[in-house]
Amino acid sequence: TNYKVEEIGADKDGYLIDYANETGTITKRKTAEVTVTNTRNKVEVTSTDLGINGIKTLDGREFKEGDQFKFYIRNSANAPKDQPTPSETKCVINPTSGNTANIDFGSTFTFTKPGKYIYIISEYQPQHDGTEIIPGVTYDTTAYRLTVETELEKNELKISKITIESSPREAVGQWTPLYEGDTLPKKQYCAFNNTYKPLEQTVALT
C-alpha cells in the first residue's frame with residue numbers, strides 16, 4: 001500500500017511545514033512512521049524600509065533651542081484586532097537650527113502570519129490640551145495611512161504590497177494615494193509642515 005501524508009491549512013496560518021518520511025510503501029507486518037514539524041514563520045521589517053520616516057518643515061522662522069515636536073504611529077481603527085504593534089510608537093525630535101529636520105521612528109515590525117495591517121502616522125497636536133505649545137506655531141493635521149499586506153509564498157512569509165496614503169485630517173477620511181508597490185519605498189513620504197507667525201501684541205503709551 002502506497003501512502004502520502006500532507007498537512008492542510010498550517011501554511012495559511014503562518015507556519016512552515018517540514019516532513020520526514022511523508023511518502024512511502026507499507027508492506028506486510030511493517031509500520032510506517034511519519035513526522036510533521038510546524039515552525040512559526042515570521043519576517044522582521046524595519047521602519048526605514050517601510051517608509052516610516054519623514055521630514056519636518058517649519059515655515060516662518062528657523063528651529064531654535066527648546067523646540068520639540070512629537071509624532072505617533074498607531075493601529076488604525078479598522079485594523080485587525082491581532083495586528084502587531086511596532087516596537088517604537090513615538091518619535092520626538094528637538095531641532096535647534098535650520099527649518100527642516102528628519103523624522104525616524106526606528107521601529108521594528110514583526111509579522112507572523114499573512115494578513116492586511118493598517119497603521120496611522122500623525123503629529124502630536126499640543127493645542128488639544130493647551131500644553132507644550134510653541135507660541136505662534138500652527139501644527140500640521142496631516143495623517144498618513146500605511147497599509148502592509150503579507151502572504152505566504154512557497155512556505156515563506158513575504159510582504160506582497162505596501163500602500164501609503166495621506167489625508168489633510170484623519171477624521172475627514174479622504175485619502176490620497178502616495179505610493180503603492182511590492183517593493184519597499186525609500187523616499188520620505190511623511191512630510192509635516194508647520195507655520196510660524198508672530199503673535200500680535202498691544203502696547204499702551206501714556
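Aspartates and glutamates within cross-link reach of K154: Cα-Cα under 20 Å, excluding same-chain residues under 8 positions apart?
Within the straight-line cut-off, K154 pairs with E6, E7, D11, D13, D18, E22, E44, D182.
Please go through the residue pairs K42/K161; K4/K30; K161/K187; K56/K113; K12/K161; K12/K116 and name each one whose alpha carbons sit more than 22 Å apart in this structure.
On the way: K42/K161 16 Å; K4/K30 16 Å; K161/K187 16 Å; K56/K113 34 Å; K12/K161 17 Å; K12/K116 14 Å.
Listed pairs above 22 Å: K56/K113.
Note the listed values [x] -0.44, -0.83, -1.06, -1.45; [y] -0.38, -0.82, -1.10, -1.48; [z] -0.50, -0.80, -0.96, -1.22, then indicate which one is log10 I(q)/I(0) by the Debye sum over Cα atoms at q = 0.09, 0.13, 0.15, 0.18 Å⁻¹ calculated from this particular structure.
[z]
Mind listing the phi-derived Karplus ³J(HN,Hα) values for the stretch 75-80, rounded to whole Hz, using 6.51, -1.76 and 1.60 with θ = phi - 60°, and x for any glycine or proline?
With the stated coefficients, the stretch 75-80 comes to 5, 5, 4, 9, 7, x Hz.
Quick check: net charge around A143, other residues with Cβ under 11 Å of its Cβ, Lys/Arg +1 and Asp/Glu -1? Let's see the in-between values first.
Values: positive: R74, R145, R169; negative: E123, D140, E165, E170.
Summing Lys and Arg as +1 and Asp and Glu as -1 gives -1.
Could you list which residues have their amide H under 5 Å from that of I103, counting only those 5 or more apart in sequence or on another chain, with H placed in the peptide plane?
G54, I55, K56
Per the Kirkwood definition applied to all pairs of different Cα atoms, how many angstroms is the hydrodynamic radius of the stretch 152-195?
Details: mean 1/r = 0.0781 Å⁻¹.
Evaluated on the stretch 152-195, it is 12.8 Å.
Provide the percentage of antiparallel DSSP beta bridges, counting only those with both residues in the chain; round to the nearest 5.
Percentage antiparallel, nearest 5: 90.
Assign unit charges at the C-beta atoms only (+1 for Lys and Arg, -1 for Asp and Glu), then state the dipole size of the chain relative to its Cα centre in Debye, rounded to the nearest 20. Write out the running numbers ahead of the final one.
Values: 24 positive and 29 negative charges, 109 e Å.
That gives the chain a dipole magnitude of about 520 debye.
If you count only protein heavy atoms with a 1.4 Å probe, what accessible area per residue comes out for the stretch 63-127, rounded to a whole Å²?
Numbers: 3180 Å² over 65 residues.
Using a 1.4 Å probe on heavy atoms only, each residue of the stretch 63-127 averages 49 Å².
For a quick protection proxy, order the peptides 24-36, 171-183 by their average other-Cβ count within 10 Å, most packed first. Please list the in-between numbers first.
Numbers: 24-36: 9.6, 171-183: 11.2.
Result, highest mean first: 171-183, 24-36.
Quick check: the distance between the Cα centres of the stretch 70-95 and the stretch 106-167, to the nearest angstrom?
Measuring centre to centre over Cα atoms gives 6 Å.
The values are calculated or read from the model by the stated rules, or taken from the named source; none is laboratory data. Since the model is a prediction, treat every value here as computed from it, not as a measurement. Glycine gets a Cβ as well: all are built from the backbone with ideal geometry, and neighbour counts include every protein chain shown. Areas reflect the complete protein model, heavy atoms only, side chains present, ligands, DNA and RNA absent. Shrake-Rupley method; radii C 1.70, N 1.55, O 1.52, S 1.80 Å.
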